[in-house]
1. Answer yes if at least one residue in the range 257-265 is surrounded by 14 or more Cβ atoms within 10 Å (Cβ to Cβ) and out of contact with any Lys or Arg (no Cβ under 9 Å at 6 or more places or on another chain), and no otherwise.
2. Among the candidates 231, 288, 247, which residue alone is free of Cβ contacts under 8 Å to residues at least 60 places away in the same chain, part of a helix (DSSP H, G or I) and in contact with a strand residue (DSSP E or B) (Cβ under 7 Å, 6 or more places away or on another chain)?
3. What pairs come out if I take residues in the range 106-132 that are at pLDDT 70 or above and pair them with residues that are assigned to a loop (DSSP other than H, G, I, E, B) whose C-beta lies under 7 Å away, six or more apart or interchain?
4. So which of 246, 286 ends up being in contact with a Ser or Thr (Cβ under 8 Å, 6 or more places away or on another chain), surrounded by 14 or more Cβ atoms within 10 Å (Cβ to Cβ), among the aliphatic types (A, V, I, L, M) and over 26 Å from residue 187 (Cβ atoms)?
5. Could you list, in sequence order, all residues of the range 234-243 that are outside any helix (DSSP H, G or I) and of a type in the set (Ser, Thr, Tyr)?
6. In the range 189-198, which residues are part of a strand (DSSP E or B), out of contact with any helix residue (DSSP H, G or I) (no Cβ under 6 Å at 6 or more places or on another chain) and surrounded by 17 or more Cβ atoms within 10 Å (Cβ to Cβ)?
7. Those residues that are without any contact (Cβ under 8 Å) to a residue 12 or more places away in the chain and of a type in the set (Gly, Ala, Ser), I need them from the range 207-228; list them, please.
8. Taking residue 259, is it closer than 30 Å to residue 165 by Cβ and touching an Asp or Glu at 6+ places or on another chain (Cβ under 6 Å)?
Amino acid sequence: MTNDPTGRALQLLALLQTHQFWPGVELAQRLSVSGRTLRRDVDRLRELGYPVDATPGVAGGYRLGAGAHMPPLLLDDEEAVAIAVGLRAAAGASVEGIEDTSLRALAKLEQVLPDRLRRRVKAVHGNVTPLRWSGPGPTVDSEALALTAQACRDREQLRFEYRRRDGEENRRLVEPHQLVSAGRRWYLVAWDVRRDAWRTFRMDRLSQPALAGVRFPERTLPATDAAAFVAESLSAMPSSYEAGLVARGPADAVREAARWFDPRVEATGERTCRVGLRAESLGMLVLAVAVVAAAFEIELEASDEIAAAVGELAVRLGSAGAPVSA
């Protein structure tokens with residue numbers, strides 16, 4: 001262990017950041033110092049702005065507390081790379097205002113990264129391109145997202161205005177359970193106090209959230225986890241366009257081919273299955289049918305409008321494959 005007070009304080013800070021609580025005796029042993037020296041090093045961190053809380057007594061110890069401002073963090077190599085990559089990904093997220101914030105934080109981090117880590121980060125950034133399925137979609141207010149996450153963590157009731165699918169707006173009081181991120185969409189799973197039932201809320205339709213100041217006991221979610229509950233809720237919602245297919249292929253293979261469209265696949269034989277497809281737009285549904293048809297023979301069961309759109313796409317694709325005359 002170094003005798004340099006600054007180096008020793010940095011090592012102490014690194015240890016405090018790895019656990020919520022360190023017994024004083026164990027911390028002194030890790031640093032190979034006496035209890036008196038440990039207390040001096042803790043005081044040195046406090047002078048630098050790090051809020052170190054102390055618990056007195058034989059079983060006492062130390063933990064980093066919440067302060068009035070954000071002190072510098074000590075990160076190891078893997079943590080620094082993970083944060084840099086995560087900030088780059090967040091810059092393309094659907095959370096309102098987080099793009100500029102993420103880029104500012106990334107610029108500060110990359111400025112102090114050692115060359116070896118900067119090269120690793122640039123290698124990831126330069127060789128990974130996010131797939132954009134559509135144009136700009138609805139965004140989520142970052143402050144609303146943070147407040148909702150806080151309510152989930154603290155099990156505190158939350159009030160907010162909510163706009164339903166049909167456009168009707170009303171005030172909700174809920175016991176928030178967990179947030180679920182699904183692509184560019186964010187969902188809140190919560191117990192609706194006034195409706196006495198579990199509900200899923202789209203965060204981009206939620207506004208004016210406020211903590212209600214009432215704590216609640218944890219409830220048992222009627223699903224394996226919040227993500228599964230959201231998936232079940234979405235599958236139960238009516239869609240603007242639906243189509244059925246009989247596909248000549250193993251159910252697992254068909255499900256894998258159409259996985260981006262959340263298909264409902266039911267095996268009817270070793271090499272046949274029924275497929276249910278849903279979408280909010282006619283074009284997206286036709287695309288889903290085309291993806292399955294590109295890999296398997298199908299029989300389409302759909303409305304005249306959907307059948308006509310699929311037929312038109314088939315004609316266009318057939319024309320695209322014809323030789324161009326001179």
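1. yes
2. Numbers: 231 fails: in contact with a strand residue (DSSP E or B) (Cβ under 7 Å, 6 or more places away or on another chain); 247 fails: part of a helix (DSSP H, G or I).
From the options 231, 288, 247, the qualifying one is 288.
3. Listed by first residue and then by second, the contacts come to 121/113.
4. On the way: 286 fails: in contact with a Ser or Thr (Cβ under 8 Å, 6 or more places away or on another chain).
So the residue among 246, 286 that is in contact with a Ser or Thr (Cβ under 8 Å, 6 or more places away or on another chain), surrounded by 14 or more Cβ atoms within 10 Å (Cβ to Cβ), among the aliphatic types (A, V, I, L, M) and over 26 Å from residue 187 (Cβ atoms) is 246.
5. Across the range 234-243, the qualifying residues are 239, 240, 241.
6. Residues of the range 189-198 part of a strand (DSSP E or B): 189-192, 197-198.
The next check asks that each one be out of contact with any helix residue (DSSP H, G or I) (no Cβ under 6 Å at 6 or more places or on another chain); those that pass are 190-192, 197-198.
The answer is 190, 191, 198.
7. Result: 223, 228.
8. Working: closer than 30 Å to residue 165 by Cβ: yes; touching an Asp or Glu at 6+ places or on another chain (Cβ under 6 Å): no.
No, not satisfied.
The values are calculated or read from the model by the stated rules, or taken from the named source; none is laboratory data. Being a predicted model, the structure only gives us computed values, none of them experimental. Here the Cβ is made from the backbone with ideal geometry for all residues, glycine too, and neighbour counts use every protein chain on show.
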